[in-house]
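What follows is a short report on a single structure.
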Amino acid sequence: MAPPAETTSPTAPEAGRWARFFDGDVWHSFRTSPVAIAAALVALLCVVCALGADWIAPHNPMDLATLELADARLPPAWLAEGTRKYILGTDDQGRDILSALMYGSRISLAVGFASVLLSVAFGVAMGLLAGFVGGRVDAVIMRVCDVMLSFPAILIALLIDGVGRALFPNAHEALAFGVLIAAISLTGWVQYARTVRGSTMVERHKEYVQAARVIGVPRARIMRRHVLPNVLGPVLVLATIHIATAIITEATLSFLGVGVPPTSPSLGTLIRVGQDFLFSGEWWITIFPGIVLVAIALSVNLLGDWLRDALNPRLR
């Protein structure tokens, strides 16, 4: 009788990748770093609360029909006039602060992630092109980067917002998200382009790239299949840190009024609304959104710092 043929599970390669990951230096660095673990837990908690706001939040601050103006400016539950119905109190419209924070975090995280993804996609493409092709292409792209660095995201957002309101006067809410994402992306792609350009200029002179050129591999395929995977390490670190910067930029723009409308508040909008009541005794309206914003930005920055050290053998 012939021996039974060996069967290979389709998930064996995936299991092997996960096994190598858990045995690797990155996972060891993570589980031995209390700061990285704490930052990851805080970031995970914020993301879960933001994504699950429809199910976790005790109230829906976006539904204007459910708001009660009689409950406006109620303090947190542990103060004398507070109630357990609103754990962190209410704002001037009677919205539950805790629920508003969950929904507002979702908007801030969505704008931050979307702008970072656009910045990474465009910046990596421009950096690969500049570093691999060189010559006039490199010079033009780098001069564009120099010009973009001279314009802060806030100024670009104000410019885009003014032009957009003039062209589309009845599309303010839809325009607001586009303004935020475009403003952050237009100034954020430069650092990716410069980083990838420098790494690509090093990689293009290595033997594996020269061998691919000799056998006739197209230039676009060399950049996509061979060079790109080897330059993504610094990009991943930059993207992690840029998420925190993008969220803070979104909050700043929303605070200035160039953001989402008050009916769909982000963290920046909540802080802007609460500043009017900060010195009148209703400190919770602006303090709690500020704490959440700091917690998100700090946890993501700490994760970015850990990831930079974990991926750089010289810093271990």
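The values are calculated or read from the model by the stated rules, or taken from the named source; none is laboratory data. Note that the structure is predicted; figures quoted are calculated from it, not measured. FYI the Cβ positions are ideal-geometry reconstructions off the backbone, even for glycines, and counts take in every protein chain you see. Heavy atoms of the whole protein, side chains included, go into the accessibility calculation; ligands, DNA and RNA do not. Shrake-Rupley method; radii C 1.70, N 1.55, O 1.52, S 1.80 Å.
Within the stretch 182-204, being under 13 Å from Ala121 (Cα atoms) and either open to solvent by less than 30 Å² (accessible area, probe 1.4 Å) or in contact with a Phe, Trp or Tyr (Cβ under 6 Å, 6 or more places away or on another chain) (or both) holds for Ser185, Gly188, Trp189, Val190, Tyr192, Ala193, Val196. Checking the stated criteria, Ile248 turns out not to satisfy the condition of being open to solvent by less than 10 Å² (accessible area, probe 1.4 Å), in a helix (DSSP H, G or I) and either within 30 Å of Asp161 (Cα to Cα) or among the β-branched types (Val, Ile, Thr) (or both). Close contacts from the stretch 265-284, counting a first residue that is within 16 Å of Met102 (Cβ to Cβ) and open to solvent by 10 Å² or more (accessible area, probe 1.4 Å) and a second that is assigned to a loop (DSSP other than H, G, I, E, B) and of a type in the set (Gly, Ala, Ser), with Cβ to Cβ under 7 Å and a gap of 6+ residues or different chains, come to Trp284/Gly89.
For the stretch 111-162, the set of residues classified as within 30 Å of Gly290 (Cα to Cα), hydrophobic (A, V, I, L, M, F, W, C) and either free of Cβ contacts under 8 Å to residues at least 24 places away in the same chain or not in a helix (DSSP H, G or I) (or both) consists of Leu117, Phe151, Leu155, Leu159, Ile160, listed by residue number.
Of all the residues in the stretch 124-154, those that are over 13 Å from Trp189 (Cβ atoms) and at pLDDT below 80 number 2.
As a summary of the residue check, Asn301 satisfies the conditions (1) open to solvent by 30 Å² or more (accessible area, probe 1.4 Å); (2) closer than 19 Å to Leu101 by Cα; (3) modelled with pLDDT of 85 or more except for the one numbered (2). Among the residues of the stretch 83-103, the ones that are surrounded by fewer than 19 Cβ atoms within 10 Å (Cβ to Cβ) and within 19 Å of Leu51 (Cβ to Cβ) come to 0 in all. Might you let me know whether the stretch 206-218 holds any residue that is open to solvent by less than 30 Å² (accessible area, probe 1.4 Å) and either within 16 Å of Val124 (Cβ to Cβ) or in contact with a Cys (Cβ under 8 Å, 6 or more places away or on another chain) (or both)? The answer is no, given that none of the residues of the stretch 206-218 is open to solvent by less than 30 Å² (accessible area, probe 1.4 Å) and either within 16 Å of Val124 (Cβ to Cβ) or in contact with a Cys (Cβ under 8 Å, 6 or more places away or on another chain) (or both).
Kindly indicate whether Gly257 is surrounded by fewer than 15 Cβ atoms within 10 Å (Cβ to Cβ), under 22 Å from the mean Cα position of the chain (by Cα) and either part of a loop (DSSP other than H, G, I, E, B) or at pLDDT below 85 (or both). Considered against the rule, which asks whether it is surrounded by fewer than 15 Cβ atoms within 10 Å (Cβ to Cβ), under 22 Å from the mean Cα position of the chain (by Cα) and either part of a loop (DSSP other than H, G, I, E, B) or at pLDDT below 85 (or both), Gly257 comes out as yes.
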